[in-house]
Amino acid sequence: IRGRSKMSEHGLGNAIDVTGFDFEALPEPKGEWPEAFRVNIKKHWWATGPDDRTHAQFLHELTKALAKRPDIFRGILGPGAAGHDDHFHFDVGVWRYIDIETY
């Protein structure tokens with residue numbers, strides 16, 4: 001983060017940016033679960049349609065769970081944070097901060 005140090009958490013190898021997730025089909029299908037699917041932060045974060053609602057729910061539940069676990073990621077940015085509408089930023093830096101807008 002600019003202003004806190006001369007090098008970013010990415011530069012220190014302490015951060016990753018995630019634009020989405022690809023899930024392979026389960027070996028044995030479970031009910032109505034799709035065979036294989038992709039979740040994209042830009043496309044699905046604000047999704048409300050019936051085809052994308054499950055994807056949006058996954059992203060929101062994931063970030064809620066991670067926000068409760070500072071032992072996993074200390075910094076979490078995502079949609080709603082400046083410059084992060086299309087990806088999550090996860091880091092293990094010194095400072096604890098979370099900036100993600102929810103619906």
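The values are calculated or read from the model by the stated rules, or taken from the named source; none is laboratory data. Computed from a prediction, not measured in an experiment: that's the story for all the values here. Here the Cβ positions follow ideal geometry from the backbone for every residue, glycine too, while neighbour counts run over all protein chains shown. Side chains are part of the model used for accessible areas, which takes the heavy atoms of the whole protein and leaves out ligands, DNA and RNA. Shrake-Rupley method; radii C 1.70, N 1.55, O 1.52, S 1.80 Å.
Per residue, the average separation of C-alpha pairs within less than 8 Å and at least 6 apart gives the chain a relative contact order of 27 percent. Backbone phi angles across segment 46-62, fed through the Karplus curve with coefficients 6.51, -1.76 and 1.60 (θ = phi - 60°), yield HN-Hα couplings of 9, 4, 10, x, x, 6, 10, 4, 5, 5, 4, 4, 4, 4, 5, 5, 4 Hz in residue order; Gly and Pro are listed as x. Close lysine pairs were tallied over segment 4-103: pairs 8 or more places apart or on different chains with Cα atoms under 29 Å apart number 9. Heavy atoms of the protein chains alone define the surface here; on that basis the chain has 70 Å² accessible area per residue at 1.4 Å probe size. Surface composition of segment 26-99: carbon plus sulfur atoms contribute 55% of the solvent-accessible area (1.4 Å probe, protein chains only, all chains present). Amide H to amide H distances under 5 Å link residue 20 with 41, where only residues 5 or more positions off or on other chains count and H is placed in the peptide plane. Accessible surface of residue 42, taken over heavy atoms with a 1.4 Å probe and every protein chain present, rounds to 140 Å².
Under the simplified labelling scheme, the residue 65-residue 81 pair shows an inter-label distance of 1.9 nm, with each label point 7 Å from Cα along Cα→Cβ.
Using the Cβ of residue 73 as centre and a radius below 14 Å, the other residues enclosed give a net charge of 0, where K and R count +1 and D and E count -1.
Using only DSSP helix segments of four residues or longer, with each worth -39500 (n - 2.57), what per-residue ellipticity at 222 nm results for the chain after dividing by its residue count and rounding to 500? Mean residue ellipticity, 222 nm, calculated: -5500 deg cm²/dmol.
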